[in-house]
Amino acid sequence: MESTSVPHGYSSPEIVARYRAFFQAHGHTELVGSPLAVPGNSTSFVIAGMQPLLPYLRGQQLPPSTRLLSLQRCLRSDDADAVGSNGRKNTFFFMLGNWSIGDYNKGDAIEMALSLLLEDFALHQSTLWVTVFAGDSELGIPLDETAVEHWLRLGIPYERIVPLGAEDNLWTMGGPGPCGPCSEIYVDRGLAFGCGLPTCRPGCACDRFLEVWNLVFMEYERFTDGSLAPLPQRNIDTGMGLERIASVLQGVESAFSIDLYQPALSRLNEQLSEGNRQRPDLSMPVLPVTPEVRARRVIVDHVRAALFAGLAGVLPGRDGCASVVRRLIRRAARQGHLLGLQQPFLNELVVPLAQAHDAFLRVEERAQVSTLARMIADEERRFTYVLARGLQYLAHLEPDQQGHIPGERLFVLHAEKGFPPDLAAEVLAERGLSVDWSSYEPALAEHRRISRLSAARHFGL
Ligand code: SER
């Protein structure tokens, strides 16, 4: 394992303090981060630092200041299956953000961002690359020449300014809502992190170019049909993932190796060497990282997400946000199974995680940690039996002639053994098998029809 010492001044709380001090000195007012789960909305977690600021960005409410900053807890789980295969995707993360609500412009935002990175964070200019919006003829938006000019003016050479299309550099909330062209700042982590392909540059899927900061020039409202209309004012919306910038400043391998994870990783290592381990089953196909590295990352990432969801009052359950937490705990439990760990083990990572995040917890949150650890242990315990039986069933499934596993088999697994179909699909994908989902819904409909019939018979209807 890599070194756990944090270079002076760059522990996660110190990074936040520097960010805060910098933007306060530039006239920004700090907003208290909103709860992770949107109050009154049990179906979604906060996914971006800008989300609680929507009424300001849309011009519907007057902000306390036209210059704002915050540290916001976010959780993005839609691509949880990507966690661990690269060094940068966390489900739960802290997002540092600064905003202009119709105040400063693109050039000011770019200048401040570069100044913080080069002066306060002492990054070397030669390691920085940026992307700009390449334009989109369908949307009628041209190449963002203004952003290019500002980066050039501030010394980023032309060859390190990469234009990317709407898919990468038109930031949206994933659906309707405020949006805009963006310019992302990447740190070149060096050849050792890269895929080695001559085409490797920002936007490549490998870990060489790490996006640390997204500057969104938020000028439009996007509607359900994809059309855009100008917002009442031109905003700046920026987001810097704390875990990513910490991985750079602390000189560690990935966003999972930073100070906030180290105590939990140490505890996991102890568990792995404590005899709490059966023969590991790591016979997955080769990934960009080893299955063991991936498993460790998934475990600490998902337990951390479950901890912060719990602190926001979201416990594992069947629906909405609660089902997300359940899914994360189950995915983590399964990775522990792969490592050969006797379960439950996840709960023992909760206290080390909470201790590492002490600077970010409120007093009343600290008091909840041991209860949440017990809750995670209960959830894991309930799943252990289902997991073992489900994995056994999956191990014996053979693909049909088209090389697919029929979806109805996953339905049977769910109906009879309670094993979640999405997790089953992931397990199969690791064996290189894909699922033909077309037979899943019919099997579910048939199951419901039979249940209705037998209920009707039972009640003599
Ligand atoms: N909204 C942008 C993001 O989430 C910048 O804050 O990346």
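The values are calculated or read from the model by the stated rules, or taken from the named source; none is laboratory data. On a predicted model such as this, the values are computed, not experimentally measured, just so you know. Glycine also receives a Cβ, built like all others from the backbone with ideal geometry; neighbour counts cover every protein chain displayed.
When residues of the stretch 222-236 are filtered for being within 16 Å of the ligand (Cβ to nearest atom) and within 20 Å of ALA109 (Cβ to Cβ), how many remain?
4
Which fully enclosed strands (runs of 3 or more DSSP E) of the stretch 100-202 have 1 or more residues being among the charged types (D, E, K, R), in contact (Cβ under 8 Å) with a residue 24 or more places away in the chain and farther than 30 Å from GLY59 by Cα?
Values: elements: 128-133, 161-164, 177-188.
Counting at least 1 such residues, we get 177-188.
When the stretch 386-410 is examined, which residues are found to be in contact with a helix residue (DSSP H, G or I) (Cβ under 7 Å, 6 or more places away or on another chain) and acidic (Asp, Glu)?
GLU408
In the stretch 203-233, how many are part of a loop (DSSP other than H, G, I, E, B), of a type outside the set (S, T, N, Q) and without any contact (Cβ under 8 Å) to a residue 40 or more places away in the chain? Don't jump to the end; show me each part of the working.
Initially, the stretch 203-233 is screened for residues part of a loop (DSSP other than H, G, I, E, B), giving 203-208, 223-227.
Right, trim to of a type outside the set (S, T, N, Q) and you get 203-208, 223, 225-226.
Then keep just the ones that are without any contact (Cβ under 8 Å) to a residue 40 or more places away in the chain; that gives 204, 208, 225-226.
Qualifying residue count for the region: 4.
Take the conditions surrounded by 19 or more Cβ atoms within 10 Å (Cβ to Cβ) and in contact (Cβ under 8 Å) with a residue 40 or more places away in the chain and apply them to LEU315. Does it pass? Spell out the reasoning first.
Details: surrounded by 19 or more Cβ atoms within 10 Å (Cβ to Cβ): no; in contact (Cβ under 8 Å) with a residue 40 or more places away in the chain: yes.
Considered against the rule, which asks whether it is surrounded by 19 or more Cβ atoms within 10 Å (Cβ to Cβ) and in contact (Cβ under 8 Å) with a residue 40 or more places away in the chain, LEU315 comes out as no.
Taking helices (runs of 4 or more DSSP H) that fall entirely within the stretch 367-461, which contain at least 2 residues that are under 19 Å from LEU346 (Cβ atoms) and either in contact with a Leu (Cβ under 9 Å, 6 or more places away or on another chain) or of a type in the set (Asp, Glu) (or both)?
Values: elements: 369-395, 407-417, 421-430, 440-458.
Because the criterion is at least 2 residues that are under 19 Å from LEU346 (Cβ atoms) and either in contact with a Leu (Cβ under 9 Å, 6 or more places away or on another chain) or of a type in the set (Asp, Glu) (or both), the helices (runs of 4 or more DSSP H) in the stretch 367-461 that meet it are 369-395, 421-430.
Kindly indicate which of ALA322, ALA332, ALA359 is assigned to a helix (DSSP H, G or I) and out of contact with any helix residue (DSSP H, G or I) (no Cβ under 7 Å at 6 or more places or on another chain). Break it down stepwise before answering.
On the way: ALA332 fails: out of contact with any helix residue (DSSP H, G or I) (no Cβ under 7 Å at 6 or more places or on another chain); ALA359 fails: out of contact with any helix residue (DSSP H, G or I) (no Cβ under 7 Å at 6 or more places or on another chain).
Exactly one of ALA322, ALA332, ALA359 is assigned to a helix (DSSP H, G or I) and out of contact with any helix residue (DSSP H, G or I) (no Cβ under 7 Å at 6 or more places or on another chain), namely ALA322.
In the stretch 37-66, how many are within 15 Å of the ligand (Cβ to nearest atom) and in contact (Cβ under 8 Å) with a residue 24 or more places away in the chain?
Result for the stretch 37-66: 13.
Taking THR199 and the conditions (1) under 30 Å from PRO352 (Cα atoms); (2) away from the ligand (no atom under 16 Å from the Cβ); (3) of a type in the set (Val, Ile, Thr), which numbered condition does it fall short on, given that it satisfies the others?
Status for THR199: all satisfied but (1).
Answer yes if at least one residue in the stretch 81-103 is among the acidic types (Asp, Glu), under 22 Å from PRO181 (Cβ atoms) and away from the ligand (no atom under 14 Å from the Cβ), and no otherwise. Let's see the steps before the verdict.
Keep residues of the stretch 81-103 that are among the acidic types (Asp, Glu), which gives 81, 103.
Still in the list and also under 22 Å from PRO181 (Cβ atoms): 103.
Narrowing the set further to residues that are away from the ligand (no atom under 14 Å from the Cβ) leaves 103.
Yes: the stretch 81-103 contains one or more residues that are among the acidic types (Asp, Glu), under 22 Å from PRO181 (Cβ atoms) and away from the ligand (no atom under 14 Å from the Cβ).
Within the stretch 237-257, work out how many residues are touching a Phe, Trp or Tyr at 6+ places or on another chain (Cβ under 6 Å) and within 15 Å of the ligand (Cβ to nearest atom). Let's see the steps before the verdict.
Narrowing the stretch 237-257 to residues touching a Phe, Trp or Tyr at 6+ places or on another chain (Cβ under 6 Å): 237, 240-243, 249-250.
Cutting the leftovers down to within 15 Å of the ligand (Cβ to nearest atom) gives us 237, 240-243.
Residues flagged as touching a Phe, Trp or Tyr at 6+ places or on another chain (Cβ under 6 Å) and within 15 Å of the ligand (Cβ to nearest atom) within the stretch 237-257 amount to 5.
Identify the single condition in (1) more than 18 Å from GLN262 (Cβ to Cβ); (2) surrounded by fewer than 23 Cβ atoms within 10 Å (Cβ to Cβ); (3) modelled with pLDDT of 95 or more that HIS337 does not satisfy, given that it satisfies every other one.
(3)
From the residues in the stretch 160-187 that are more than 16 Å from the ligand (Cβ to nearest atom) and in contact with a Phe, Trp or Tyr (Cβ under 6 Å, 6 or more places away or on another chain), which one is farthest from LEU123 (Cα to Cα)?
Per the criteria, the residue is ILE161.
Pairs, please: C-beta under 8 Å, at least 6 apart or cross-chain, first residue in contact (Cβ under 8 Å) with a residue 40 or more places away in the chain and in the stretch 384-404, second part of a helix (DSSP H, G or I) and not aliphatic (A, V, I, L, M)?
Matching pairs, first to second residue: LEU387/ARG330; LEU387/ARG334; LEU387/HIS337; ALA388/HIS337; LEU391/ARG334; LEU391/HIS337.
Only one residue in ALA113, ALA147 is out of contact with any Asp or Glu (no Cβ under 9 Å at 6 or more places or on another chain), surrounded by 20 or more Cβ atoms within 10 Å (Cβ to Cβ) and under 19 Å from ARG67 (Cβ atoms), so which one is that?
Values: ALA147 fails: under 19 Å from ARG67 (Cβ atoms).
After ruling out the rest, the residue left standing is ALA113.
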